[in-house]
1. Can you tell me which aspartates and glutamates have their Cα less than 20 Å from the Cα of LYS294? Leave out same-chain residues fewer than eight positions away.
2. Could you compute the net charge surrounding GLU149? Neighbours are other residues with a C-beta less than 9 Å from the C-beta of GLU149; K and R count +1, D and E count -1.
3. Assign unit charges at the C-beta atoms only (+1 for Lys and Arg, -1 for Asp and Glu), then state the dipole size of the chain relative to its Cα centre in Debye, rounded to the nearest 20.
4. Taking the Cα centre of region 468-604 as the origin and placing charges on Cβ (Lys, Arg +1; Asp, Glu -1), which of HIS555, GLN482, SER471 is farthest toward the positive end of the dipole?
5. Quick one: which residues, 5 or more positions from LYS557 or on another chain, have an amide H under 5 Å from its amide H? H modelled 1.01 Å from N in the peptide plane, none for Pro or chain starts.
6. Tell me whether region 39-140 comes out rounded, prolate or oblate; compute the Cα gyration tensor, take square roots of the eigenvalues as a ≥ b ≥ c, and use a/c under 1.5 as the rounded threshold.
7. When the Karplus curve 6.51 cos²θ - 1.76 cosθ + 1.60 is applied with θ = phi - 60°, which whole-Hz ³J(HN,Hα) does each residue of region 782-790 get, with x for Gly and Pro?
8. Restricting to DSSP loop positions (anything but H, G, I, E, B) with no more than 12 other Cβ atoms inside 10 Å of their own Cβ, which GluC sites (Glu not before Pro) remain in region 498-564?
Amino acid sequence: MARTKFTNFDNMSLQGIDEDAELIPLMTPEDEEEINKENLPEVLPILPLRNTVLFPGVVIPITAGRDASIKLINEANNDSKVIGVVSQKDEKVENPGVKDINKTGVVARILRVLKMPDGNTTVIIQGKKRFKVAEVISEKPYLKAKITEVAEARPAKDNEEFAAIIESIKDLSLEIIKNSPNIPSEASFAIQNIESPSFLINFVSSNMNLSVEEKQKLLETNDLKDRALATLKYMNMEFHKLELKNDIQSKVQSDMNQQQREYYLHQQMKTIQEELGGVSHEGEVEEMRERAKKKKWGENIQKHFEKELAKMQRMNPQVAEYSIQRNYLDLFLELPWDEFSKDKFDLKRARRILDRDHYGLDDVKKRIIEYLAVLKIRNDMKSPILCLYGPPGVGKTSLGKSVAEALGREYVRVSLGGLRDEAEIRGHRKTYVGAMPGRIIQSLRKAGTSNPVFVLDEIDKLSVGHSGDPSSALLEVLDPEQNNEFHDNFLEMPFDLSKVMFIATANSLNTIQPALRDRMEIINVTGYTIEEKVEIAKQHLLPKQLEEHGLTKEHLKVGKKQLEKIVEGYTRESGVRGLEKQIAKTVRYAAKHIAMDEEYNKKLKDEDILDILGSPKMERDKYENNDVAGVVTGLAWTQVGGDILFIESIVSKGKGNLNITGNLGKVMKESATIAMEYIKANSEDIGVDPEIFEKYNVHIHVPEGATPKDGPSAGITMLTSLVSLFTQRKVKKSIAMTGEITLRGKVLPVGGIKEKILAAKRAHIKEIILCEENRRDIKEIKEEYLKGMTFHFVKEMREVIDLAILKEKVENPKTL
């Protein structure tokens, strides 16, 4: 029986095995007949191979590195030594399952298991019979499956055509070995000594330079004659490639200087590319020229492109500048020059989409519908630059996606938070290494249209760095009079952005550059009332969290009363992000009980809310009804929405000094000084003894000193607090106020009224004092949200004192 040494077939390393190791026998017809008589077991462990295919009769070494594979080999080696071997569909899959392996494989016998120096296990296996996976019965710790034998259709022994094919395979194999410098000459002895036709086909198929998919296709071919013809076809292709390679090498075998050598390499690569169906340098140029004919660009852009293409045509493909030039021209061809998506002008449908995705936000929806209406009438209009401004969590960013769906446009989003490089907007000049276009052009390239809905997220959080001011670079982008010719440094040609609908989002307008703010239409997205939050939680947040946790509405039901309890007791924000987190906790409570097969209330009650979320955490935001004189409730606006604050005043014996604490800004300190001077000037009318100001020190404090506070809104609140203190008369229950004061006692309007009213509503305040000019702000709030609240509109500070301070004094008044 002929024998051959181990060979390094199919790029599988056998490092660590001595060349004089035991020889592996080649299969004879007698061996093959004996294997055919063997019966296959019903169940086999399945070993998946990453990058090769085992054929019947062939001996190959396999390096096992996966834990499951090593365990399978060790257990099989100690048992029957018989395993099933299949190839993976994708070699990148680390832990292949049923869907990741091919169904047809080969039963193999383990010949030897070797422990390698690098810690891996190398196993030498020999293929026996083909099988098909009938049913996988387990996947842990490794695959096990029921198998069925795959019969092989063999031609008759006297079939002359089949015999001729086998002879051709053998002769062609010897020719390939002879002409290939990479295959050892010993391989020809192995080919000559193979007697079995089927083993010859399998042996050659196993060692050909084919992909795993092609080898698997050969293995699955049941007719031996068809498999032989397919093998011969692949061998002919391999032989022709080998001849071509040798021919190219023979043409350039001479003494060459460096320039000749570079030319040879270029010609060789070009010839190989053309023979394999690739694209040569000239082919790339022609392909780009054909693509350019389909673009909808102007004559000046066409001329510029032709000029740059001619420049690339003259370049040597081996130089570094060639790839830069090619990327530049690819950008030209991929940008959507004058390519627009068709707008959908169904205004009722657009309204339904906006109402479906967002509860409330009537002003924003109204503006979008107005834009659509004008666009429908004119059918040609510059897109507006909208800036949605409001506290976090009110749906500014997600609104952009709904607008894109309503318009039928592509959706693009760029986060500008922390951006400090101007080149991120305008791009780099293409002469620099690693040059790229700016984010605006890159996003339009991905969108594929020139009129997407483009969301510029967190525009108020742009930074200024040593690389320039990106907010200044945005001035051209967001100017409707300039952005029809936006200049990107990399592109070097103007691009029309006038049809892009830009939607910027911001939490604060103070940090936005004034010139940039002037170019945008500011839409104030205010916070939500308790009623709105309950509806949002019911319609959006609860169904979303149930879906994300794998539950349905049958597993958990939260009533409006319980949702309102969560909103009031566990959130203090203007948006709904914190509310969503609390709802997620309640959903996880149900998920835990379902997973542990425990009983729980599917319809939550108040006591369940307390068990899940703990004691209410926001009780401090409730109105504190204090019987002490000098304590007044004010209304404030912060970046996260409206809030209430308490102003406290107290006197102590001294020389008339005024102290102000509570981490207050310059404006609030001025308000306190103005209030004090007004009382001194009008002490007799108010009923305050003027001697008090010389005998007592006054201290004004705003609690929560760790939180910075500033603004004119607390003017009337401070004055009311001081009057209450000096007269020792109580302030009305459940009343709050906001407004600026002057030395003459005038009450001036302030901003953020809606947010302040919502904060008062959350704190269960019943009466609110405002400036007369703030009456128009109240009209913008829906009446149902103001139910149970009384508003007093004043012009003079005397009116505030009469409305807020009671006639009777506190129970134990101080003698001042």
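Computed from the coordinates by the stated procedures, all read-outs in this text should not be read as laboratory data. These numbers come from a predicted model, not from an experiment. Methodologically, a virtual Cβ is constructed for each residue, glycine included, from the backbone with ideal geometry; neighbour enumeration extends over all protein chains shown.
1. Within the straight-line cut-off, LYS294 pairs with GLU282, GLU284, GLU286, GLU306, GLU308, ASP330, GLU334, ASP338, GLU339, ASP496.
2. That works out to +3.
3. With only Lys, Arg, Asp and Glu charged at Cβ, the dipole is about 2960 debye.
4. Working it through, the farthest residue towards the positive pole turns out to be HIS555.
5. Result for LYS557 returns LYS603, LEU604.
6. Note, shape of region 39-140 comes out rounded.
7. Result, ordered by residue: 4, 4, 5, 7, 9, 4, x, 10, 10 Hz.
8. Filter output for region 498-564: GLU554.
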